[in-house]
Amino acid sequence: MLLLHCPLPLLLLLLLLPLDSRPQKLPTRDEELFQMQIRDKAFFHDSSVIPDGAEISSYLFRDTPKRYFFVVEEDNTPLAVTVTPCDAPLEWKLSVQELPEEASGEGSGDPEPLEQQKQQITNEEGTELFSYKGNDVEYFVSSSSPSGLYQLDLLSTEKDTHFKVYATTTPESDQPYPELPYDPRIDVTSLGRTTVTLAWKPSPTASLLRQPIQYCIVINKEHNFKSLCAVEAKLSSDDAFMMAPKPGLDFSPFDFAHFGFPADNNSGKERGFLKSSKFGRQTSPKPRVDLHRVCIGNKNIFTVSDLKPDTQYYFDMFAVNTNTNMSTAYVGTFARTKEEAKQKTIELKDGKVTDVFIKRKGAKFLRFAPVSSHQKVTFSVHSCLDAVQIQVRRDGKLLLSQSVEGVRQFQLRGKAKAKYLIRLKGSKKGASMLKVLATTRPNKQSFPSLPEDTRIKAFDKLRTCSSVTVAWLGTQERNKFCIYKREVDDNYNEEQKKREQNQCLGPDTRKKSDKVLCKYFHSQNIQKAVTTETIRGLQPGKSYLLDVYVIGHGGHSVKYQSKLVKTRKFC
């Protein structure tokens, strides 16, 4: 068994004490004592003894080797040792040397002198059992190990780094690391422009042994990770996931707050990374790395969303035993999201109105390249339905970014041989329809000017059984106004009226019988730019939908907000 509940000074003291004539055995693991010592965080602090059945976390300074010890008391003992590099490759070696049991004393039965035993323990190199160099999580497993003093030597030649070590003499019963399925790969089952769907086979630790397992997905654009420890290192505010300790000090192996997972078994909450240590130098935080981690419980399919189109991402999956906070990595994968659908750019002609249709949440690009030099350029946009977003760039420079509802006009300073790119983004509510005009001639305006308020007001006191009186606002510009009526059912409501509010549909789409009259109107005094009209020849107790169209000099019309009115039934 391992002497893993004894600090090194006490261990050496036991080994170096004079031996009596009876063989002395090293104490075996006392489970109750072992659990008590694990709860005592200070017990293994600044210790080079590896505890049995618990993962420790420690720190290596560059080119400064570190050695750990443990004792196997009996021959033919199962043994498993796992070393996890965090953020740099490690060189490590496991060796064993025999323990001094009974001294010969040249046949006298007297114990060996103290100095001789000491030399025997500290100077012998021992027999090398296993060595490894790299950044993979590597294992040494033996079903039958000899008794002896085991040494684990570790070295980092690249940089200061963290690592984790786990050793046990009961590997069959402990099984702290989740087991991987026979096929440990992550499959990409669906690929979109901004989404990737992943699937994987469940860990037998969860499906067969019924232990609590949750899966954590890591997404980044650089490379795959071989351990969750490496992810924690990348997410930290320093080059390693914990601050470097002061020389001569180790971290308490059982201070699980440093391991990236809280010590309490709170599997219902997502576990976050902690980025500080109570030891070491203080450094200013570095910019947040582009790496994301999400734990999703025990599901074995997940869709990653909000990705960028035409971008390569790396995906890693870790099965985490929520009882032990220890994890195992699946075989990572990578995938490139699909490209954005190439947008067809619509060419605008100087002074000509262009109709544009945009799908819900979609976008359209328009290009305007004046053939001659110009001092100013005017963009007129008529949003027929809901508000849309408009951006205008001149030779790549953003000049304008606004929301447009109804009719809007933008005048920008011109530039010789300039090219303008207009981006129109549709509404979230539904499809958008627009009319767009670009011109370098200020007097070439096809869109009529509109007042800020395009509602039609009905006067209730002036209602009769055969007529209604309405009013609407005009502008200082002389325009032609046409009013139309249409009889509707009594159950016609605001929702139906809203669906018919396409401001771009002109009088040419109406029946001739709907037309009431047309007239020209304007006022230099904007406060007095109000006109009224009485619509006659209506039926008693009937509902009518009234529309007013204003028609500009270029023939383009804009509809005011429709008005639902009802004549009196009895007069």
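Among the residues of the stretch 165-204, which ones are more than 28 Å from the chain's Cα centre (by Cα) and either open to solvent by less than 20 Å² (accessible area, probe 1.4 Å) or at pLDDT 90 or above (or both)?
Result: Val165, Tyr166, Ala167, Thr168, Thr169, Pro176, Tyr182, Pro204.
Out of Arg360, Arg367, which single residue is in a strand (DSSP E or B), of a type in the set (Lys, Arg), in contact (Cβ under 8 Å) with a residue 40 or more places away in the chain and open to solvent by 20 Å² or more (accessible area, probe 1.4 Å)?
Just one listed residue meets the conditions, Arg367.
Can you find a residue that is open to solvent by 10 Å² or more (accessible area, probe 1.4 Å) and closer than 16 Å to Glu477 by Cβ anywhere in the stretch 535-551?
Yes, the stretch 535-551 contains a residue that is open to solvent by 10 Å² or more (accessible area, probe 1.4 Å) and closer than 16 Å to Glu477 by Cβ.
Across the stretch 501-522, which residue is modelled with the lowest pLDDT among those that are among the polar types (S, T, N, Q) and closer than 18 Å to His556 by Cβ?
Among those residues, the one meeting the criterion is Gln501.
Take Leu473 and decide whether it is surrounded by 14 or more Cβ atoms within 10 Å (Cβ to Cβ) and at pLDDT below 90.
Judged against the criteria, Leu473 is not a match.
May I ask you to verify whether Glu487 is surrounded by fewer than 17 Cβ atoms within 10 Å (Cβ to Cβ) and within 22 Å of Tyr520 (Cβ to Cβ)?
no
What is the one condition in (1) in a strand (DSSP E or B); (2) without any contact (Cβ under 8 Å) to a residue 24 or more places away in the chain that Lys342 does not satisfy?
(1)
Do you know which residues across the stretch 294-342 are closer than 30 Å to Ser380 by Cβ and open to solvent by less than 90 Å² (accessible area, probe 1.4 Å)?
The answer is Ala341, and nothing else.
From the list Ser432, Ser466, exactly one residue is among the hydroxyl-bearing types (Ser, Thr, Tyr) and over 30 Å from Gly537 (Cβ atoms). Which is it?
Only one candidate qualifies: Ser432.
The values are calculated or read from the model by the stated rules, or taken from the named source; none is laboratory data. Values in this document were obtained by computation on a predicted structure and should not be read as measured data. Every residue, glycine among them, receives a Cβ derived from its backbone with ideal geometry; neighbour counts consider all protein chains shown. Ligands, DNA and RNA are stripped out before the accessible areas are found, and what is left, the full protein with its side chains, is counted by its heavy atoms. Shrake-Rupley method; radii C 1.70, N 1.55, O 1.52, S 1.80 Å.
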